[in-house]
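One structure, as structure tokens, below. Some questions next.
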Amino acid sequence: MDPIKNPFSPGAGSPPPELAGRAPVLEQARILLGRVLSGKPEKSLMLTGLRGVGKTVLLNEVRRMAQEAGYRTVLVEAHEDKALGPLIAAPLKTVFFELDRIALAGDRVKRGLRVLRSFLGSMKVKLGEFEIGLDIEPETGAADSGDIEIDFPNLLEALGEAAKEKKTAVALLIDEIQYLSQKELGAIIMGMHRMQQRQLPVVLLGAGLPVLPGLAGESKSYAERLFAFPDVGALSQADSNKAICEPAAAEGVEISDLVLAETFRLTKGYPYFIQEWGYQIWNLAQSSPIELGIVQGAADSVIKRLDQNFFRVRFDRLTPSEKSFLRAMAELGSGAIRSGDIANYLGVKVNSIGPVRAKLIKKGMIYSPAYGDIAFTVPLFDEFMKRAMPTLSSTK
Ligand SMILES: Nc1ncnc2c1ncn2[C@@H]1O[C@H](COP(=O)(O)OP(=O)(O)OP(=O)(O)O)[C@@H](O)[C@H]1O
Ligand SMILES: [Mg+2]
């Protein structure tokens, strides 16, 4: 088929031609946005799921919906080694300026800017290099304690008051939430608690790997009360079929049922893999309908491309001991695995693997679905590890 017309879109954050299977979570978002805009309380959303399931794509879609509903939006991507404060300050400044341009009387936006300035001042002390031009006197004592769990809720409150005065609402969207520190996550939770108490029009939409199992005590119970955690996962067979058929049909190309069944078997319904298979099948096929032989013929190139793009970038960031750890995990299966079993397999004591385990969690390679268990964050990573390292001692 003509590669120029290829509708499939493998790639981080690339919008798929058909956003299959996500109607329920989009409906949840629509209700949340509508309720908060009309001054009613609703749980904010944290979209959580494994790598490549379509969280970023969903977050961008919800952002579009928010903008259409009249929200001002702030989108940031959390980062392994960057603090939340400096990341969010610049886009918040933009939103305050946007609010300022709304022609309704009031002084809350000006106050909000002074609070932002005080927030910045405290960070400057802490971060030294951080600079963001804001030519306004800070509101001393408003958000400059240097403790993000105190300062961020105060800043959010000033933002919420400014938005309310201008009869609008603000959506804060944070991707890769698993990279936030416990304290930053705590600050967000406290901030949203404040929004709920004061009924201010601010919603938070997060996306990332599952974070709830990692939270403890009070943080966890607050989080559960303030947020819904819709699980963004693999697609059902019907939705997977739709994700492949509809974009092809829009180009006048038919796909046989056998192809659909085989693609589902190979991808297990994971969106990134569906796009990659769809993309290669399309390029290889000569005529419509596309038949099973094409899938078989595409296998080598799909696996090669996935290894090089999706898997390899993650593998290359690992140290040799991290690789051995993951290779041992791969041997033990694709689901949740007990840390003790990995230690046994490696022939070492369980506490000696603690530091490697912690580093792999920080890098977002594994997560803990339940106490004492760990699992891969990347679907089918066990199969890749076996390809990349045929034995525990092989290095690549
Ligand atoms: N509902 C869907 N149906 C079909 N394809 C989808 C769907 N959602 C996402 N995709 C495709 O899956 C791929 C991955 O999407 P995205 O980058 O949003 O995933 P992610 O969950 O954010 O991954 P990561 O955790 O690595 O950031 C993209 O190629 C996208 O086009
Ligand atoms: Mg993403």
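It is to be established whether one or more residues within the range 32-49 are within 13 Å of ligand 1 (Cβ to nearest atom) and either under 29 Å from LYS304 (Cα atoms) or in contact with a Cys (Cβ under 6 Å, 6 or more places away or on another chain) (or both).
The answer is yes; a qualifying residue exists.
Residue-by-condition table, conditions (1) over 26 Å from HIS79 (Cβ atoms); (2) within 16 Å of ligand 1 (Cβ to nearest atom); (3) of a type in the set (Phe, Trp, Tyr):
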| residue | (1), (2), (3) |
| --- | --- |
| THR140 | yes, no, no |
| ASP144 | no, no, no |
| ASP151 | no, no, no |
| THR168 | yes, no, no |
| LEU172 | no, no, no |
| GLN178 | no, yes, no |
| ILE188 | no, no, no |
| GLN199 | yes, no, no |
| LEU209 | no, yes, no |
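Next up: Just one of the numbered conditions (1) farther than 20 Å from ARG101 by Cα; (2) touching a residue at least 24 places away in the same chain (Cβ under 8 Å); (3) assigned to a helix (DSSP H, G or I) is not true of GLU161; which one?
Condition not satisfied by GLU161: (1).
Please pick out the residue among ALA90, ALA69, ALA83 that is modelled with pLDDT under 95 and surrounded by fewer than 17 Cβ atoms within 10 Å (Cβ to Cβ).
ALA90
Further question on the same structure: ILE174 - would you say it is closer than 22 Å to PRO41 by Cα and buried (at least 22 other Cβ atoms within 10 Å of the Cβ)?
Against the criterion (closer than 22 Å to PRO41 by Cα and buried (at least 22 other Cβ atoms within 10 Å of the Cβ)), ILE174 qualifies.
Residue by residue through the range 1-29, note down the ones that are charged (D, E, K, R) and either touching a Ser or Thr at 6+ places or on another chain (Cβ under 8 Å) or under 18 Å from ALA207 (Cβ atoms) (or both).
Residues satisfying the conditions are ARG22, GLU27.
Can you run down the residue pairs with Cβ atoms below 8 Å, 6 or more apart or on separate chains, where the first is in the range 44-59 and within 16 Å of VAL74 (Cα to Cα) and among the small types (Gly, Ala, Ser) and the partner is in a helix (DSSP H, G or I) and more than 10 Å from ligand 2 (Cβ to nearest atom)?
Matching pairs, first to second residue: SER44/LEU32; SER44/MET192; SER44/LEU226.
One residue is enough: does the range 347-359 have a residue meeting the conditions within 18 Å of LYS386 (Cα to Cα) and in a helix (DSSP H, G or I)? Lay out the reasoning, then the answer.
Of the residues in the range 347-359, the ones within 18 Å of LYS386 (Cα to Cα) are none.
Within the range 347-359, none of the residues are within 18 Å of LYS386 (Cα to Cα) and in a helix (DSSP H, G or I).
Can ARG63 be described as under 17 Å from the mean Cα position of the chain (by Cα), buried (at least 17 other Cβ atoms within 10 Å of the Cβ), under 21 Å from LEU99 (Cβ atoms) and within 16 Å of ligand 1 (Cβ to nearest atom)?
Yes, satisfied.
So ARG317 clears everything in (1) of a type outside the set (Ser, Thr, Tyr); (2) at pLDDT below 95; (3) in a helix (DSSP H, G or I) except one condition, right? Which one?
Going through the list (1) of a type outside the set (Ser, Thr, Tyr); (2) at pLDDT below 95; (3) in a helix (DSSP H, G or I), ARG317 breaks only (3).
May I ask you to say which residue of LEU318, LEU346 is of a type in the set (A, V, I, L, M), in contact with a helix residue (DSSP H, G or I) (Cβ under 6 Å, 6 or more places away or on another chain) and either in contact (Cβ under 8 Å) with a residue 40 or more places away in the chain or crowded, with 16+ Cβ neighbours inside 10 Å (or both)?
After applying the criteria, what remains is LEU346.
The values are calculated or read from the model by the stated rules, or taken from the named source; none is laboratory data. Not measured: the values here are computed from a predicted model. Every residue, glycine among them, receives a Cβ derived from its backbone with ideal geometry; neighbour counts consider all protein chains shown.
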